[in-house]
Amino acid sequence: MTGNATDSAHSLFKVLETGDPALAAEVVGADFHNREASNSPVACAIPGPAGVLASSAWMRSAFTDLRFPVLDTGVDDERGHVFVRIRMQGRQTGPFVLFRNEKVDKIVPPTGREIDFEQIHVLTVRDERVVGHEAVRDDMTMLGQLGIFPPTPAMVVRLAAWKLTGRDRRAAAAVSALSARAAETAK
């Protein structure tokens, strides 16, 4: 399992970077489940390649030049897990919309700032296809890089303006629709 499972894990991150439906169909199992989907648009929780494509669209709508360089991998053959240590990199040029229980939780307006922080993903691989995902991310570092945490007075005003003008709701609706359309491209 080791070589092919590791290749499948690497390919999953290429799908997230590119939104490639053919690659998603090749490396993501029909029963794929993303444990982290509760923080993303509803379409990201769809099983199989559709949910991965929705997640890709959601992240790429917020971060241009999205990359996930792999730093290290480990394999637990007995459980069918591949552990992947990566960096998430890109520039935030769109609103980053976070959800909780299918409702908008937070919206980070575009900052133009670069992100570059570590994550660890645990992928379940069966028959050379990724069928499960969970992650440990350093979200506090990402929010700090975006200037959200700790919030500056200027950012507090900006967040309030987005809420008062309804830009937050419009951004959430737009990213949800974008994710749903991306899910429809699954082959």
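Any lysines with Cα under 22 Å of the Lys163 Cα? List them, leaving off those in the same chain fewer than 8 positions away.
Lys103, Lys106
Based on the Cβ-Cβ distance of Arg35 and Arg67, what FRET efficiency does E = 1/(1 + (r/R0)^6) give at R0 = 25 Å, to the nearest 0.05?
0.65
With springs only between Cα atoms under 10 Å, which of Val156, Val104, Val52 fluctuates most in a Gaussian network model of the chain?
Greatest mean-square fluctuation among the candidates belongs to Val156.
Points 7 angstrom from Cα along the Cβ direction at Ala135 and Glu102: gap in nanometres?
2.3
Reachable lysines from Lys187, Cα under 18 Å, same-chain residues fewer than 8 places away excluded?
Lys187 reaches Lys14.
What is the magnitude of the charge dipole of the chain about its Cα centre, with +1 placed on the Cβ of each Lys and Arg, -1 on the Cβ of each Asp and Glu, and no other charges, expressed in debye to the nearest 20?
Working: 22 positive and 23 negative charges, 218 e Å.
Using Cβ point charges on Lys, Arg, Asp and Glu, the chain gives about 1040 debye.
Taking K and R as +1 and D and E as -1, what net charge do the other residues with C-beta under 13 Å from the C-beta of Leu178 add up to? Intermediate values should be presented prior to the final figure.
Details: positive: Arg60, Arg170, Arg181; negative: Glu184.
Net charge in that neighbourhood comes out at +2.
Using helices alone, I'd like the mean residue ellipticity at 222 nm for the chain: each DSSP H run of four-plus residues gives -39500 (n - 2.57), total over residue count, nearest 500.
The per-residue figure over the chain is -12500 deg cm²/dmol.
If you add up the charges near Ala135, with Lys and Arg at +1 and Asp and Glu at -1, over every other residue whose beta carbon is less than 14 angstrom from its beta carbon, what do you get?
Numbers: positive: Arg35, Arg85, Arg87, Arg137; negative: Glu36, Glu118, Glu134, Asp138, Asp139.
Taking every other residue near Ala135 into account, the sum is -1.
Round to the nearest 0.05 the FRET efficiency obtained for Arg170 and Phe83 when R0 = 41 Å and r is the Cβ-Cβ distance.
Computed FRET efficiency for Arg170 and Phe83 comes out at 0.60.
Write down the percent of antiparallel bridges among all DSSP beta bridges whose residues are both part of the range 2-180, to the nearest 5.
Antiparallel bridges: around 90 percent, rounded to the nearest 5.
Taking only the alpha-carbon positions of the chain and ignoring solvent, what does the Debye formula give for the base-10 log of I(q)/I(0) at q = 0.08, 0.16, 0.18 Å⁻¹?
-0.25, -0.96, -1.18
As an exercise, use a Förster radius of 35 Å and the Cβ-Cβ distance of Arg91 and Asn4 to find the FRET efficiency, rounded to the nearest 0.05.
E(calc), rounded to 0.05, equals 0.60.
Values quoted throughout were computed directly from the atomic coordinates according to the rules given, and no laboratory measurement underlies them. These figures come from a predicted structure and were not determined experimentally. Every residue, glycine as well, gets a Cβ built from its backbone with ideal geometry; the counts of neighbours run over all protein chains shown.
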